[in-house]
Amino acid sequence: MATLSLLSKSYYIVFVLSLSFIGSFPCLDDQREALLEFKDLLFGELMTDNSTDMFLGGLETWNSSSKCCQWALVECNSQQVTCLNLYSVFPTLGKTSTVLAPIFRIKTLMSLDISYNFIQGEIPGIGLRNLSELVYLDMRGNSFNGSIPLQLFHLANLEFLDLSDNMIEAVLPNEVVGLKSLKQLSLDANFIHGELPEEIGNLIELKKFTVPDNQISGRIPLSILQLRKLEVLNLQNNSFSLEIPADIGSLVNLTTLDLSKNRLSGEIPSSIQKMRKPETLQLENNMLSGEIPTWLFDLKEMKKLHLGGNKLAWNNNLAIEPKCKLSSLSLRSCSVKLQIPSWISNQTDLIYLAERNLGTIILSDNKLTGSLPSQLFQSRNLSVLALSRNNFFGELPEINSTSIMVLLLSENNFSGPLPKSISNIHRLLLLDLSKNSFSGNEFPAFGPDSLIAFVDVSYNNFSGKVLSDFGLFTVMLSLSQNGFYGPLPEIFSNLIMLEHLDLHDNNISGEFPAFFSQMSSLQVLNLRNNSIKGSISNDLSSLSSLRILDLSNNYLKGEIPQSLGNLTGMIETPVAPLTLSEIFKFPVEIHDLIVNWKKAKQGLSIRSWDIYTFLDLSKNRLSGEIPHSLGGLKSLKLLNLSFNELSGKIQISFGDLESVETLDLSHNSLDGEIPGTFSKLLELNYLDLSNDKLGGKIPRGPQMDTLVDPKMYANNSGLCGVQIEVPCEEDLVPPGPPLRKKQEPMFSWIATGVGYPVGFLSSTAVMYVLGYFNTAPAYHRWGRRRSSLR
């Protein structure tokens, strides 16, 4: 609701401003008709005679009985329409670019904003060619595809061009040089590829050039150094390579330089010192090397400095006194050693920390040690503190900074109980304390109004009853590898936004909860290696988003519900989840989900959760037949039902598990033959059917023929097949009588007539005897091997 209110206020301000420019003259008839035609193309089919009160984003004021210069969203100069502000007027109508045709007839337009309307199709170059007076063109937030039409680069008066957040897939052409008046060029978040043209350096009026989140490659063109008026240069998240231009500092007016998330190498250019007022320098996640220059901290206007994720090294022997007032600092993986430098933690030494302006501190992946100074948690503006993967120890001090949104302290040596003050951080969204030695049976209680969304306290020494005091906005909860005990609290059912619940390797007991069926957002449920009893609820199938279900190594009994075959998330290809880096715009990662994969524990990255779906019910006491419905889980990558008490035959429907890579049905009492449909399992690369009661011929197939490890089939009732080099009876050809030579015509010589058949029969007899005794040992070896597999 707050967002809607903000948009409404913005619209109101735009509307009032537009009224202040309205002239008293009637607009030209052809322009009014063009605008009315545009309105009709948008809403014609929605409007009826009695729909005069319909709100149309401002276009309800457009009618034939009034002057178009008095309409909302329209500005005029005398009788000519010069400005159309159509920002987010029709985002839900799904219109194509042809709807813009009437607008392109208004040749007096100087400003056109059609942003965030989700218009589809190619950018209409022929129409734009008519708008030769255009100065301002905002087309961001649509679904334009294809290339940028060359006609666009002939708009010589254009000063502002924004095509961000579209689906443009092309190379930025040399013709961009035609936009000689351009002051801002924004092409963010498209699919632009290839190299930047050298002609970009001819746009000497350019003040802002942004192309982040594309696929641009090659070196940063040296011609860019000719853009002496440039204030913002953002090339973030592309594939630029080689070194940063040595004279990048000649762009003395730059306030923002963002080259992060590329493949740039070499050292940080010393020419950056020449910049007059640099405020933001983001170079993280490249391949830069060398020592971090201390003069960076002498740039007085610097507020945001991100250098992490490179091969840069901090000189721990230098003592510096920064002259800048940083609000955000990232030195992740920069070899910072010993304790946190005093210029960061000591508020009394530095003016900018005394004023509590530091908002972001990212020092993860270094070699820092010692305990955390209490001063670090006094800042009123501290919003991000990332110190993961260092060597800090001791207890956490009380936290008085209530503005922290992200607190990342994983993989250190912290110990002791958590300060209860953590629950007072009302803005806290992400808390990662995993892989430490925190302990205690009283965990800070987050109230239902808490904003906390991601909690990871796994791999610690917490004990007591399972934590349950979390906010209704919790999305991820990882409490695994601790000492929590008792039944799962029913209050979990209130966490309607929870997507990821990981409680593996605790001492959780009690019956399998029925309330899981109420947690409709669940995508990952991991209860592996606990002491949960009872049967699996039929209602679990209502979790349509569930992609990973691991209930292995518990005490579950009863039959596997047929309804599990209706788990939509294991049938359809899942949608790729957003990474935390995409949400928070800096490097943050959820730890790997530990799963049993091919008899070994392996980590599954969140980046793979959209690829891998798992169902692991192994090491329980489940009985009865395997449900036929499980064969319908077409996106399933792993199915493990081993070490149970299942009986009956393997379902023919398992041949429909077209995505399965790992299938383990071992250590049950399954009988009958392996279904011939297994020949259709083209992704299968690990199979375990050992220690059952299976018999008959192992099916052939492109993948089945590669699964030749005898251990996969060991201890059954009589399997045979090429995979285990045991011939099946139907494939054996028993030795028959010797072949008789077709009778030859009689010759006139008696000796020849008698000698030939005698010689032939003698030779055949010798060959038969020798052949039998040469092949018999092999035949008996195969028989013994077959018996050993029974």
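The values are calculated or read from the model by the stated rules, or taken from the named source; none is laboratory data. If you're wondering where the values come from, they're calculated on a predicted model, not measured in any experiment. Glycine gets a Cβ as well: all are built from the backbone with ideal geometry, and neighbour counts include every protein chain shown. For the accessible areas, the whole protein counts, side chains as well, though only heavy atoms, and no ligand, DNA or RNA atoms are used. Shrake-Rupley method; radii C 1.70, N 1.55, O 1.52, S 1.80 Å.
General remarks:
- Entries of 208/274; 183/277; 208/277; 325/367; 465/533; 274/311 with Cα pairs more than 21 Å apart: 325/367; 274/311
- Filtered chymotrypsin sites (Phe, Trp or Tyr not before Pro), segment 218-299: DSSP coil and at most 11 other beta carbons within 10 Å: none
- Inverse of mean 1/r across different Cα pairs in segment 268-341, Kirkwood, Å: 12.6
- Mean accessible surface per residue for segment 409-468, computed with a 1.4 Å probe while every protein chain stays in place, in Å²: 38
- Mean projected area (nm²) of the alpha-carbon convex hull when segment 415-559 is viewed from all directions: 7.7
- Calculated from backbone phi, Karplus (6.51, -1.76, 1.60) coupling profile of segment 399-407 in Hz, x at Gly/Pro: 10, 9, 8, 8, 9, 5, 9, 10, 10
- Those aspartates and glutamates that a straight Cα-Cα span of less than 19 Å connects to residue 300, excepting residues fewer than 8 apart in one chain: 231, 258, 279, 321, 349, 355
- 9 Å beta-carbon shell around residue 183, net charge (K/R +1, D/E -1): +1
- Listed by chain and number, the aspartates and glutamates whose alpha-carbon sits under 15 Å from that of residue 261, ignoring those within fewer than 8 places in the same chain, are 188, 213, 243, 284, 582.
- Neighbour net charge for residue 268 - beta-carbon separation under 11 angstrom, K R +1, D E -1: -3
- Set of aspartates and glutamates with alpha-carbon distance to residue 637 below 19 Å, sequence-local pairs under 8 removed: 550, 572, 592, 610, 616, 656, 658, 661, 664, 683, 688
- With a Förster radius of 51 Å applied to the beta-carbon distance between residue 517 and residue 37, the computed FRET efficiency rounds to 0.45.
- Flagged links, alpha-carbon separation over 22 Å, of 619/693; 180/207; 180/303; 67/95: 180/303; 67/95
- Counted charge near residue 551, where neighbours are those whose Cβ lies closer than 9 Å (Asp, Glu -1; Lys, Arg +1): -1
- Where only C-alpha atoms are counted, convex hull volume of segment 629-676 per residue in Å³: 70
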